[in-house]
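Working notes for the structure below.
The values are calculated or read from the model by the stated rules, or taken from the named source; none is laboratory data. Everything numeric in this text was worked out from a predicted model, so none of it was measured. Glycine gets a Cβ as well: all are built from the backbone with ideal geometry, and neighbour counts include every protein chain shown. What goes into the accessible areas is simple: the full protein's heavy atoms, side chains included, and nothing from ligands, DNA or RNA. Shrake-Rupley method; radii C 1.70, N 1.55, O 1.52, S 1.80 Å.
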Amino acid sequence: MSFAGDTKAELCRTKLARTCCAQAEACGILLFCNHFSPRQVRIITESAAFAQRLPLLFQKAFGLSFDSRGGEGPGKRVFTITQPDKLRELWTTCAFDLTGPAHHINFGLLEETHCRLAFLRGAFLAGGSAIDPKKGYHLEFSTTHFSVSRELTALLLELGFLPKASTRKSNYITYFKQSETIEELLTAIGAPVSAMALMNAKAEKLLRNGVNRRVNCEAANVGKTVDAALEQRRAIQALRDSKRLETLSPKLQEAAQLRETYPELSLAQLAELCTPPVTKSSLSHRLRKLIALSQEAPEGAEG
């Protein structure tokens, strides 16, 4: 199951305790479902948990049952209401405009915070989605009703959330991309486990990125060490070929011998092998001296 599917399944485990919250959640579903008009309600879902919750929710909220339930393709379940008296009650309660086709959020049902969160839960169940947090952070509500989209933004702002808005084909999208905001919203509407899954995915991603950065940094340092060692060995060989290596001071000869004997060691490791041990800075100075001498003409060699 997808992250969005898991989230909806978790939301559907929320108890139907208050009638007011049941009505708010049902209104959220109707305003964000596939079709809601004075002539028909049509809700299509692939979520088994949502399909199981819907009849119980509408019975609790309005004392109404769906006129038909059926399937539409693999895994899709369709719930419809066409009886005029039922539609009239739903339209009056949730869209409260019998004179025209406009849809609006009935804020009279959402005076309490718990009812507002229940409305958002219903809106997400019917028209919400969220991508796998391992791939990114994005949660959205989608509706075909412009007024509902604008009013949803106002509702979210009142609850302390700062959404963004866009359009996609004929749909109006209200969305979030901040992981912290998505975590807070999921927790608020009844999906704390999904919020925790997002937190864990984010922590894992941060850890992985940190490890990658360290590995890349270490690889770069290893590359620099190898390049420096090659340059030093070429300088030592040049001094040997020109018969100048044996004329150098004992300290420089020791540095040359150690570098040739242990080409894979770092400066710090080589410095510990000197007799007596020296600092990394001291050994680095000696090796730079060898490189400088190798670049001089033979008559300019130092003893």
Diffing the stretch 122-139: the Karplus 3J(HN,Hα) column from phi (6.51, -1.76, 1.60, θ = phi - 60°), in whole Hz with x for Gly and Pro, holds x, 4, 6, 4, 8, x, x, 7, 8, 7, 4, x, 6, 9, x, 10, 7, 10
Residue separation between His104 and Ser282 times 0.36 nm, minus their alpha-carbon distance, gives in nm 56.3 nm
Of the candidate values (i) 33, 22, 19; (ii) 76, 17, 16; (iii) 44, 18, 16, the one computed for semi-axes √(5λ) of the Cα gyration tensor in Å from this structure is (ii)
To the nearest 20 debye, the chain has a Cα-centred charge dipole, built from +1 on Lys and Arg Cβ and -1 on Asp and Glu Cβ, of 380 debye
Heavy-atom accessible area of Val226, protein chains in place, probe 1.4 angstrom, given in Å² to nearest 10, is 70 Å²
Kirkwood calc, the stretch 1-115, C-alpha pairs only, radius in angstrom 14.6 Å
Distance in nm between Leu56 and Lys164 label points, each 7 Å along Cα→Cβ, equals 3.7 nm
Links exceeding 22 Å between C-alpha atoms in this model, out of Lys8/Lys177; Lys15/Lys205; Lys177/Lys205; Lys15/Lys60; Lys15/Lys86; Lys224/Lys289, come to Lys15/Lys205; Lys15/Lys86
Using a 1.4 Å probe on heavy atoms of the protein chains only, the accessible area for Lys289 in Å², nearest 10, reads 70 Å²
Extend 7 Å from the Cα of Thr187 along its Cα-to-C-beta direction; within the stretch 157-176, residues with backbone N under 19 Å of that point are 157-163, 176
Ranking Thr7, Thr92 from most to least accessible area with a 1.4 Å probe gives Thr92, Thr7
Rounded to one decimal in nm, the spacing of the 7 Å Cα→Cβ label points at Ala154 and Arg42 is 3.0 nm
Regression test value, accessible area per residue of the stretch 138-290, probe 1.4 Å, units Å², expected 58 Å²
Check: C-alpha center the stretch 227-299 vs C-alpha center the stretch 1-80, spacing in Å is 78 Å
Here, Asn200 and Glu180, labelled 7 Å along Cα→Cβ, have an inter-label distance in nm of 2.3 nm
Protection proxy (average C-beta count within 10 Å per residue), highest first, orders 147-155, 60-68 as 147-155, 60-68
